[in-house]
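Contents: one structure, followed by commentary.
The values are calculated or read from the model by the stated rules, or taken from the named source; none is laboratory data. None of the values given here were measured: they were computed from a predicted structure. For neighbour counting, all protein chains shown are included, and Cβ atoms are generated from backbone atoms with ideal geometry for every residue, glycine included.
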Amino acid sequence: MIPIADLPDVIPVFPLPGALLLPRARLPLHLFEPRYLAMLDDVLKTSHRLIGMVQPYARPDDSSRLHTIGCAGRITAFSETEDGRYMITLSGVSRFRIVNEVDGFTPYRRCKVDWKGFDRDLGTAEKDPDFEREPFMKTLGRFFEDKGLSTDWDSLGDADDELLINSLAMLCPFDPEDKQALLEAPSLTTRRETLTTLIQFALRGGSGDEILQ
């Protein structure tokens, strides 16, 4: 893990609506736009190999604005396709707060960032002592059935609390603003509570009479 003192003050950012990265989680990305291929080339030359994932604002008139909080990931795998595109994997390192956008000559966006306030991101996996897994998994099963989703239920059942909650936060088809709320949750417990609320809302929106058990 990168010590906080070694984290850079300026990082490239990738504004991608609905793409959520969380600390200690992995996010696969497909890069093909020339500006992001240039970003990849530049990042691979650095010692930290960090890219910041940030949500742009949802409204079209605010599309150039970025949410203040994002999450940086380290490139831990990449491969090139025959037509010059790249598949990369970002491993989540830490959330950050954008201080300001940095002007420059790169075709991609860069920001000065502050890592303070996210110390737990650089530690060991978080626990959720109040997590009642069985009723949560039953509700999750209804949600997946309602949305026509499939998953490896055995793997989910065996996953530890952080891996389960963060993986679901990243993979479930929520709106970008909901993904941002999951990102900004201050602890694993509050992220699980937010995730549960979003699932409950989606279920109740279907028939109006679903309740979280």
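Please find, within region 20-52, the residue that is surrounded by the most Cβ atoms within 10 Å (Cβ to Cβ) out of those that are outside any strand (DSSP E or B) and touching a helix residue (DSSP H, G or I) at 6+ places or on another chain (Cβ under 8 Å). Break it down into steps so the answer makes sense when it comes.
Step one: list which residues in region 20-52 are outside any strand (DSSP E or B), which gives 20-25, 32-49.
Filter once more, so that each one left must be touching a helix residue (DSSP H, G or I) at 6+ places or on another chain (Cβ under 8 Å): 20-25, 48-49.
Values: L20: 24, L21: 27, L22: 24, P23: 22, R24: 18, A25: 20, H48: 15, R49: 19.
So the residue we want is L21.
Any idea how many residues of region 1-19 are of a type in the set (A, V, I, L, M, F, W, C) and buried (at least 16 other Cβ atoms within 10 Å of the Cβ)?
Looking only at region 1-19, we keep the residues that are of a type in the set (A, V, I, L, M, F, W, C), and these are 1-2, 4-5, 7, 10-11, 13-14, 16, 19.
Next cut, buried (at least 16 other Cβ atoms within 10 Å of the Cβ) only: 2, 7, 11, 13-14, 16, 19.
Residues flagged as of a type in the set (A, V, I, L, M, F, W, C) and buried (at least 16 other Cβ atoms within 10 Å of the Cβ) within region 1-19 amount to 7.
Could you go through region 18-26 and let me know if any residue there is over 27 Å from S187 (Cβ atoms) and at pLDDT 90 or above. Talk me through it step by step, then tell me what you get.
In the first step, residues of region 18-26 are kept if they are over 27 Å from S187 (Cβ atoms); the result is none.
Within region 18-26, none of the residues are over 27 Å from S187 (Cβ atoms) and at pLDDT 90 or above.
Looking only at region 117-155, count every residue that is modelled with pLDDT under 90, hydroxyl-bearing (S, T, Y) and either not in a loop (DSSP other than H, G, I, E, B) or not assigned by TED's automatic domain parsing to the domain that holds L171 (or both) and tell me the total.
Adding up the residues that qualify gives 1.
Quick check: anything in region 113-123 within 20 Å of R35 (Cβ to Cβ), in contact with a strand residue (DSSP E or B) (Cβ under 6 Å, 6 or more places away or on another chain) and surrounded by 14 or more Cβ atoms within 10 Å (Cβ to Cβ)? Quick ask: steps written out before the conclusion?
Residues of region 113-123 within 20 Å of R35 (Cβ to Cβ): 113.
Remaining after also requiring in contact with a strand residue (DSSP E or B) (Cβ under 6 Å, 6 or more places away or on another chain): 113.
Then keep just the ones that are surrounded by 14 or more Cβ atoms within 10 Å (Cβ to Cβ); that gives 113.
Looking for residues that are within 20 Å of R35 (Cβ to Cβ), in contact with a strand residue (DSSP E or B) (Cβ under 6 Å, 6 or more places away or on another chain) and surrounded by 14 or more Cβ atoms within 10 Å (Cβ to Cβ), one finds at least one in region 113-123, hence yes.
For region 66-98, how many residues are β-branched (V, I, T) and in a loop (DSSP other than H, G, I, E, B)? Give the derivation first.
Taking region 66-98 and keeping what is β-branched (V, I, T), we get 68-69, 75-76, 81, 88-89, 93, 98.
Okay, now just the ones that are also in a loop (DSSP other than H, G, I, E, B), so 68, 81.
So the answer is 2.
For region 144-164: of the residues being of a type outside the set (S, T, Y) and under 21 Å from R204 (Cα atoms), which is surrounded by the most Cβ atoms within 10 Å (Cβ to Cβ)?
Residues of region 144-164 that are of a type outside the set (S, T, Y), as a first pass: 144-149, 152-154, 156-164.
Those left that are additionally under 21 Å from R204 (Cα atoms): 144-149.
Details: F144: 17, E145: 11, D146: 15, K147: 14, G148: 6, L149: 12.
Filtering first and then ranking leaves F144.
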